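Q: Following this message is one structure expressed as structure tokens.
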Amino acid sequence: MAETAVLKKFKVTNEYGIHARPAALLVKAAGKYECDIFIEKDGNKVSCKSIMGLMTIEGYPGSILKVSASGSDAHDAMAEIEELFVNKFYED
Amino acid sequence: MTTITVQDLWDEGAERLSLSIIAGEQHMDRKIPEIAMNRPGLALTGFFQYFANQRIQIFGLAEFTYLKSLSDKEKRQRLEGLFEQQIPGIVITRNRKAPAEILELAERFKVPVMRTSLVTMNFVNECTVLLEKLSAPRERIQGTTMEVMGIGVLLRGDPGIGKSETALSLIERGYSLVSDDVTEIRRTTRGRIVCWANEVTRYHMEIRGLGIIHVPSLFGVASIRRQTELDIVIDLKKPSGDEDRTGVNPENIELMGVEIPCIRLPVRSGRDMANIVEVAALNQKLKELGHDAAKELDDKIINRLTKGRVQHG
């Protein structure tokens, strides 16, 4: 299959932003796929497969994060990550 | 609570409590319904409205001095009253000679009588500890127990996942083996779980490809421990992808009604499990001191992020 690259922007809508729990969910989701996934904010780009990285990007509530995935299963990976953002990381 | 008999007390405590049987030897199978001791002084005065007859009765200096003050008739009468209450057994302290009446009544009422060289206070202290140990609920579970820097660690996992190998690496790092593969546990009255090894296989390990080894012979007596209180359970398992990544929400498991923190560690080839178990034990120690690194970092991040909302939003 050809290399695919997907780029999407998401708004952080949960109450506390990207703290440990959402970071863990993102890493777990991303870890299931072969493709490279990065999350970028204000010029800081970290791997979506790194907990420590995600906790340093300061994804405060209301901020916009740019997610890029590249690899054969990039579409599936992006769909799963989108689900997490849309559902506010299943937090109330 | 397990029921225990006078025989159990004798088997476990004869040496430690310097006991000898002086009467009723064939009635040692009498049960001790209430796992405690009683000084029968008040009962000897004839007061039976409240008498802890289900406990082991201790005859110390006070009881003897009081009996001496009675006439022979009274003495016999009072002692008979005591034996009629179906007491489980009698222990005479300070190696005092038992009055003939006690020996005779013991045979008649089928009550074992023992004697100890200890003074009453020391006997009661030692015996309380022993009775508690004897009556504590116990189980046998699958798992290898280590003591790592004072932290009791139970390693569990499917056969062949590497429990013994991990334990061996920990021993090489200077930590101590409590039990390999089969662990006996009991719950103390303080709600802690104590682990130790089966008498027969104690301090032996089976290492695949090597067979059975005797740990203290190879690594010295510092490499073993008789028992340890359990602080953390570590489950070694095949990687599944749903492992905890932050430690913010630690899991607990239940052992004999006691909640114990449990960590699931995925085993991959080339991963130094002993090192990770060592760190897990250290981290548990830190948590017990009130310092939870994962939670503190998370709180710090949440604090920053929500402050950020005010600034940017």
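Bear in mind that the values in this text are calculations on the coordinates, not laboratory data. Predicted model, so just to flag it, every value in this text is computed and none were measured. Glycine also receives a Cβ, built like all others from the backbone with ideal geometry; neighbour counts cover every protein chain displayed.
Q: Only one of A:Ala30, A:Ala69, A:Ala74, A:Ala23 is touching a Cys at 6+ places or on another chain (Cβ under 9 Å), within 14 Å of chain B (Cβ to nearest Cβ), touching a residue at least 24 places away in the same chain (Cβ under 8 Å) and crowded, with 20+ Cβ neighbours inside 10 Å; which? Walk me through it before giving the result.
A: On the way: A:Ala69 fails: within 14 Å of chain B (Cβ to nearest Cβ); A:Ala74 fails: within 14 Å of chain B (Cβ to nearest Cβ); A:Ala23 fails: touching a Cys at 6+ places or on another chain (Cβ under 9 Å).
When all the criteria are applied, what remains is A:Ala30.
Q: Scan the stretch B:249-269 and report the pairs whose first residue is on the phi > 0 side of the Ramachandran plot and whose second residue is part of a strand (DSSP E or B) and surrounded by 15 or more Cβ atoms within 10 Å (Cβ to Cβ), with Cβ atoms within less than 6 Å and a gap of 6+ or a chain change.
A: The qualifying pairs are B:Met256/B:Arg187.
Q: Starting from residues that are within 14 Å of another protein chain (Cβ to nearest Cβ) and closer than 16 Å to A:Val86 by Cβ, keep the ones in the stretch A:7-20 and report whichever is surrounded by the fewest Cβ atoms within 10 Å (Cβ to Cβ). Spell out how you get there, then give the answer.
A: Step one: of the stretch A:7-20, the residues within 14 Å of another protein chain (Cβ to nearest Cβ) are A:11-20.
Subset that is closer than 16 Å to A:Val86 by Cβ: A:11-15, A:17-18.
Working: A:Lys11: 12, A:Val12: 22, A:Thr13: 15, A:Asn14: 20, A:Glu15: 15, A:Gly17: 24, A:Ile18: 27.
Only one residue tops the list, namely A:Lys11.
So that you can scan it fast, the table gives a plain yes or no per residue for (1) closer than 17 Å to B:Arg156 by Cβ; (2) in contact with a Cys (Cβ under 9 Å, 6 or more places away or on another chain); (3) of a type in the set (A, V, I, L, M):
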{"site": "B:Glu243", "(1), (2), (3)": "yes, no, no"}
{"site": "B:Asn249", "(1), (2), (3)": "no, no, no"}
{"site": "B:Ile253", "(1), (2), (3)": "yes, yes, yes"}
{"site": "B:Pro261", "(1), (2), (3)": "yes, no, no"}
{"site": "B:Ala274", "(1), (2), (3)": "yes, no, yes"}
{"site": "B:Ala281", "(1), (2), (3)": "yes, no, yes"}
{"site": "B:Gln284", "(1), (2), (3)": "yes, no, no"}
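Q: Which one is farthest from the chain's Cα centre (by Cα), of the residues in the stretch B:40-54 that are closer than 12 Å to B:Leu82 by Cβ, of a type outside the set (Gly, Ala, Ser) and surrounded by 16 or more Cβ atoms within 10 Å (Cβ to Cβ)?
A: As a first pass, look at the stretch B:40-54 and keep what is closer than 12 Å to B:Leu82 by Cβ: B:40-48, B:51-53.
Right, trim to of a type outside the set (Gly, Ala, Ser) and you get B:40, B:42, B:44-45, B:47-48, B:51, B:53.
Imposing the further condition that a residue be surrounded by 16 or more Cβ atoms within 10 Å (Cβ to Cβ) reduces the set to B:40, B:44, B:51, B:53.
On the way: B:Pro40: 29, B:Leu44: 35, B:Phe51: 29, B:Asn53: 26 Å.
Among those residues, the one meeting the criterion is B:Leu44.
Q: Which residues, taken from the stretch B:185-195, are surrounded by 14 or more Cβ atoms within 10 Å (Cβ to Cβ) and of a type in the set (Lys, Arg)? Quick ask: steps written out before the conclusion?
A: Step one: list which residues in the stretch B:185-195 are surrounded by 14 or more Cβ atoms within 10 Å (Cβ to Cβ), which gives B:185-188, B:192-195.
Answer for the stretch B:185-195, where residues must be surrounded by 14 or more Cβ atoms within 10 Å (Cβ to Cβ) and of a type in the set (Lys, Arg): B:Arg186, B:Arg187, B:Arg192.
Q: Ok, one more. Take the residues in the stretch B:294-313 that are in contact (Cβ under 8 Å) with a residue 12 or more places away in the chain and either touching a helix residue (DSSP H, G or I) at 6+ places or on another chain (Cβ under 8 Å) or not in a helix (DSSP H, G or I) (or both); name whichever of them is farthest from the other protein chains (Cβ to nearest Cβ).
A: Of the residues in the stretch B:294-313, the ones in contact (Cβ under 8 Å) with a residue 12 or more places away in the chain are B:294-295, B:298.
In the following step, the residues that additionally are either touching a helix residue (DSSP H, G or I) at 6+ places or on another chain (Cβ under 8 Å) or not in a helix (DSSP H, G or I) (or both) were identified as B:294, B:298.
On the way: B:Ala294: 7, B:Asp298: 4 Å.
Filtering the stretch B:294-313 for residues that are in contact (Cβ under 8 Å) with a residue 12 or more places away in the chain and either touching a helix residue (DSSP H, G or I) at 6+ places or on another chain (Cβ under 8 Å) or not in a helix (DSSP H, G or I) (or both), the one farthest from the other protein chains (Cβ to nearest Cβ) comes out as B:Ala294.
Q: Restricting to the stretch A:33-66, name every residue that is farther than 23 Å from B:Val248 by Cβ, within 14 Å of chain B (Cβ to nearest Cβ) and touching a residue at least 24 places away in the same chain (Cβ under 8 Å). Give the derivation first.
A: At the first step, the residues of the stretch A:33-66 found to be farther than 23 Å from B:Val248 by Cβ are A:33-36, A:38, A:40, A:42-43, A:45, A:64, A:66.
Checking which are within 14 Å of chain B (Cβ to nearest Cβ) leaves us with A:33-34, A:42, A:64.
Residues satisfying the conditions are A:Tyr33, A:Glu34, A:Ile64.
Q: Looking only at the stretch B:1-30, which residues are charged (D, E, K, R), surrounded by 14 or more Cβ atoms within 10 Å (Cβ to Cβ) and farther than 25 Å from B:Phe64 by Cα?
A: Correct list: B:Asp8, B:Glu12.
Q: Next question, about the same structure. Considering only residues that are more than 14 Å from chain A (Cβ to nearest Cβ) and among the acidic types (Asp, Glu), which ones fall in the stretch B:254-293?
A: B:Glu254, B:Glu259, B:Asp272, B:Glu278, B:Glu288
Q: Is it true that A:Thr4 is polar (S, T, N, Q) and within 11 Å of another protein chain (Cβ to nearest Cβ)?
A: Details: polar (S, T, N, Q): yes; within 11 Å of another protein chain (Cβ to nearest Cβ): no.
No; evaluated as a whole, the condition is false for this residue.
Q: Moving to a separate point now. Of all residues in the stretch B:22-45, how many are without any contact (Cβ under 8 Å) to a residue 40 or more places away in the chain and in contact with a helix residue (DSSP H, G or I) (Cβ under 6 Å, 6 or more places away or on another chain)?
A: Looking only at that region, the number is 3.
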